Amino acid sequence: MSAQRESQSNRGRLIRLSISAAANGLSRNRLATIAATTTMTLMLMVLASVLVIRAGLDAALSYADSKVEVIAYLKSSVTEDEARSIQVQIEGIDGVKGATYVSADDALAAFKVRLKERGEPDLTGNLGVNPLPASYEIALDNPADTGRVADGLTAIPDAASISRVIDGRALAESLVAITGALRIVGLIIVIGFSLAVLAVVVNAIRLAILARSDE
């Protein structure tokens, strides 16, 4: 029991000695300590800022990717049962993330809202019938799949019920190239800043050690 108390006493003396030595060292080398601490703090803040900017860039690019979609317009003769069957077939195409059905009435309502936002007159009431067809807005796993999904729509069993497909293939290819380049540039910047911060922090620690080399 006495040996245990002696061991605990020795550990306590060692901790007090370490704290005292650290305090004495800091008081004798205030300038070097403050300079090293300030430098490391600033560089770590810079690195954190770069990482936050990179995360924001990735979020913006992911949002842009999610807006790329393929739209399949259905013929006016398609019934609701046929439309549900077409949706299952569309969702079975490789690269399709999901398909949202937009009825003719919903499409007309959205069109009227856009006209109102633009301050343009709504003349659709004079037609007597709804001129807009029902459609499927098809979300993609990857914008690069735009062409493949658009081509896949022509191969489904009920392809004859689709009157028109809008894929924006050229726009999707350009977007993929731009977002890919921006992601690579962002990664290079993060790696460069990380190496720079590491070098500065290591040198700051080295200078602090050299300042206390006598100890």
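Before moving on, here are some points about what is shown:
- Look at the dipole of region 45-204 built from charges on Cβ: of F111, P143, L187, the Cα furthest out on the positive end belongs to L187.
- Distant alpha-carbon pairs in the chain (separation over 21 angstrom), percent: 73 percent
- Gaussian network model of the chain, Cα within-10 Å springs - most flexible of E91, E80, E137: E80
- Paramagnetic label zone (point 7 Å from Cα along Cα-to-C-beta, R118; backbone N under 15 Å) in region 138-162: none
- Förster radius 35 Å - calculated FRET efficiency between S77 and A55 (Cβ-Cβ, nearest 0.05): 0.10
- The sum of -39500 (n - 2.57) across all DSSP H runs of n ≥ 4, divided by the residue count of the chain, sets its helix-only mean residue ellipticity at 222 nm to -23500 deg cm²/dmol.
- Here the Gaussian network model covers the chain, with springs between Cα atoms less than 10 Å apart; of A83, A109, A59, A109 fluctuates the most.
- The rule of thumb for compact globular proteins, 2.2 N^0.38 Å, goes into the C-alpha radius of gyration of region 83-160 1.35 times.
- Gain in span if fully extended, S163 to I209, counting 0.36 nm per residue against the direct Cα distance: 9.0 nm
- On the beta carbon distance between S174 and T38, with R0 = 45 Å, the FRET formula returns roughly 0.50.
- Dipole check for the chain: with +1 at the C-beta of Lys and Arg, -1 at the C-beta of Asp and Glu, and the Cα centre as origin, the magnitude is about 1960 Debye.
- Span-rule helices in the chain, defined as complete DSSP H runs reaching 20 Å or more along the axis (Cα) with Kyte mean at least 1.0: 30-66, 169-211
- Top positive-direction residue, dipole computed over the chain with Cβ charges, set L175, A48, L17: L17
- Placing a pseudo-label 7 Å from each Cα along the Cα-to-Cβ vector at S62 and A155 gives an inter-label distance of 3.0 nm.
Computed from the coordinates by the stated procedures, all read-outs in this text should not be read as laboratory data. Bear in mind the structure is a predicted one, so any value in this text is a computation, not a measurement. Neighbour counts are summed over all protein chains in view; Cβ atoms, including those assigned to glycine, are modelled from backbone coordinates with ideal geometry.
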